[in-house]
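Student: This is the structure, below, for whatever I ask next.
The values are calculated or read from the model by the stated rules, or taken from the named source; none is laboratory data. Keep in mind the model is a prediction, meaning the values are calculated, not measured. Methodologically, a virtual Cβ is constructed for each residue, glycine included, from the backbone with ideal geometry; neighbour enumeration extends over all protein chains shown. Areas reflect the complete protein model, heavy atoms only, side chains present, ligands, DNA and RNA absent. Shrake-Rupley method; radii C 1.70, N 1.55, O 1.52, S 1.80 Å.
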Amino acid sequence: MTDTNSIDHHLSEVFPTASPLPHPDTAIAWLSHEAVMAVSGPDSAKFLQGQLTCDVVRLPLPGSVMGARCNPKGRMQSSFRLVRQGETHYLLAMAAELLEPQITDLARYAAFFKTEITDAGEHWLRLGLWGAESVEAATRAGLPVPQERDQVAASESGTVVRLPGHNAFEIWLPAASARDTLDRLLETATAVALNDWHLLQIRNGVGQVFGETRESFIPQMLNLQIFDAVSFKKGCYTGQEIVARMKYLGKLKKRMFRLISDEGRLLAPGTAVVNRETGQGLGELVICATDGERMEMLAVLQKDAAQLVSLSATDGQGPLLTVAELPYESEVADNDVGPAN
């Protein structure tokens, strides 16, 4: 059977490790940093509803939503894109290094349900597509195009999810037929490095949990409520008490900000962000990408300090960081001053 492993050589030839500048008008990236977990069986929706922050049972078929899985203290073990692919079949894409520990943890609870959790990565090739002609690229490749954020359109050729941002999509291709569809996409879109995908996510204010930041953040620290990734109405799930308390009692002291540095050196998730003058720790890096000579990132910071002090990465001698606007800045800023933090 053909799977993603059998086309890895083709993918490594197609997708560069460094992207061309200036950025192409329409780009496509291989989401090689993520793995896919499948949850299937008659009790899958019920099981996931009690484990994840998002509202699983209200998903249409096909449907998609962002979400997170927390430990009992409300700290995220993973964040993901969830796709409901079948009546009782769900796929979750997350940072690859989190897949095995997440399967192990969830399996302890799945034993009480008619559901099965497996690594489904070999069955899928996942791509990010965005830019001026992304809709045309998908259409020319025989892929359907959803109209609204989080909507899913599926065909035999693949599954397309519309993402936050202008004309941005995730494309899930069955591994057995992925190469032909990819080649057709490349007739319109330019292959770019994974860095460019991370840059897009940063500019759209979409954070992610990686191995270095596992169990570091609660969902609101990554602004996940902005993307309907946290349901405050569905009832209990693991970590729900802590997550709800942060909303209704207004005790969230940190949240995610977008930062920019004139230095282009990539920094790892979990890198400290400090007060440049005193060296006091203020938060940590979520994700980082370069744009030529400049570095852009998302970081979880103390809300009060973020706007008041000069910031530095690593220590007081590290790269100088400045706060830049998020596309939903006014919405999270309103939450900062209200009782529903």
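Student: Within the set of pairs 6+ apart or on separate chains, which have a first residue in region 210-239 that is closer than 13 Å to residue 300 by Cα and touching a residue at least 12 places away in the same chain (Cβ under 8 Å), a second that is among the hydroxyl-bearing types (Ser, Thr, Tyr) and surrounded by fewer than 23 Cβ atoms within 10 Å (Cβ to Cβ), and C-beta atoms under 8 Å apart?
Tutor: 223/328
Student: Sticking with this structure for a sec: Could you tell me whether any residue of region 104-115 is assigned to a strand (DSSP E or B), touching an Asp or Glu at 6+ places or on another chain (Cβ under 8 Å) and open to solvent by less than 70 Å² (accessible area, probe 1.4 Å)?
Tutor: no
Student: Here is a follow-up. Does any residue of region 172-182 turn out to be buried (at least 22 other Cβ atoms within 10 Å of the Cβ), touching a residue at least 24 places away in the same chain (Cβ under 8 Å) and closer than 13 Å to residue 62 by Cβ?
Tutor: Yes, there is a match, as at least one residue in region 172-182 is buried (at least 22 other Cβ atoms within 10 Å of the Cβ), touching a residue at least 24 places away in the same chain (Cβ under 8 Å) and closer than 13 Å to residue 62 by Cβ.
Student: May I ask you to list the residues in region 187-221 that are in contact with a Lys or Arg (Cβ under 9 Å, 6 or more places away or on another chain) and acidic (Asp, Glu)?
Tutor: 187, 215
Student: Starting from residues that are among the small types (Gly, Ala, Ser) and without any contact (Cβ under 8 Å) to a residue 60 or more places away in the chain, keep the ones in region 271-300 and report whichever is least open to solvent (accessible area, probe 1.4 Å).
Tutor: 299
Student: Next question. So in region 10-40, with the set limited to residues that are among the hydroxyl-bearing types (Ser, Thr, Tyr) and touching an Asp or Glu at 6+ places or on another chain (Cβ under 7 Å), which one is nearest to residue 199 (Cα to Cα)?
Tutor: Filtering region 10-40 for residues that are among the hydroxyl-bearing types (Ser, Thr, Tyr) and touching an Asp or Glu at 6+ places or on another chain (Cβ under 7 Å), the one nearest to residue 199 (Cα to Cα) comes out as 19.
Student: Further, regarding this structure: Using the structure shown, decide if residue 308 is without any contact (Cβ under 8 Å) to a residue 24 or more places away in the chain, assigned to a loop (DSSP other than H, G, I, E, B) and not small (Gly, Ala, Ser).
Tutor: Taking the combined requirement at face value, the residue satisfies it.
Student: I want to confirm something. Restricting to region 306-319 and keeping residues that are within 13 Å of residue 279 (Cα to Cα) and under 26 Å from the mean Cα position of the chain (by Cα), which single residue is surrounded by the fewest Cβ atoms within 10 Å (Cβ to Cβ)?
Tutor: Among residues in region 306-319 that are within 13 Å of residue 279 (Cα to Cα) and under 26 Å from the mean Cα position of the chain (by Cα), the one surrounded by the fewest Cβ atoms within 10 Å (Cβ to Cβ) is 314.
Student: Kindly evaluate residue 126 against the criterion of being out of contact with any Pro (no Cβ under 6 Å at 6 or more places or on another chain), more than 25 Å from residue 221 (Cα to Cα), open to solvent by less than 20 Å² (accessible area, probe 1.4 Å) and of a type in the set (D, E, K, R).
Tutor: Criteria met by residue 126.
Student: OK, next. Please specify each residue of region 186-198 satisfying the condition of being assigned to a helix (DSSP H, G or I) and either at pLDDT below 95 or buried (at least 24 other Cβ atoms within 10 Å of the Cβ) (or both).
Tutor: If the condition is that a residue be assigned to a helix (DSSP H, G or I) and either at pLDDT below 95 or buried (at least 24 other Cβ atoms within 10 Å of the Cβ) (or both), then 196, 197 are the ones that fit.
Student: Pairs only if they're at least six apart or on different chains, beta carbon under 6 angstrom, first in region 244-264 and at positive phi, second crowded, with 18+ Cβ neighbours inside 10 Å and assigned to a loop (DSSP other than H, G, I, E, B); list them, first residue then second.
Tutor: Once the first residue is at positive phi and sits in region 244-264, its partners that are crowded, with 18+ Cβ neighbours inside 10 Å and assigned to a loop (DSSP other than H, G, I, E, B) give 250/341.
Here's the yes/no breakdown for (1) open to solvent by less than 20 Å² (accessible area, probe 1.4 Å); (2) more than 16 Å from the chain's Cα centre (by Cα); (3) on the phi < 0 side of the Ramachandran plot; (4) of a type outside the set (Ser, Thr, Tyr):
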residue: 155; (1), (2), (3), (4): no, yes, yes, no
residue: 209; (1), (2), (3), (4): yes, no, yes, yes
residue: 214; (1), (2), (3), (4): no, no, yes, yes
residue: 228; (1), (2), (3), (4): no, no, no, yes
residue: 240; (1), (2), (3), (4): no, yes, yes, yes
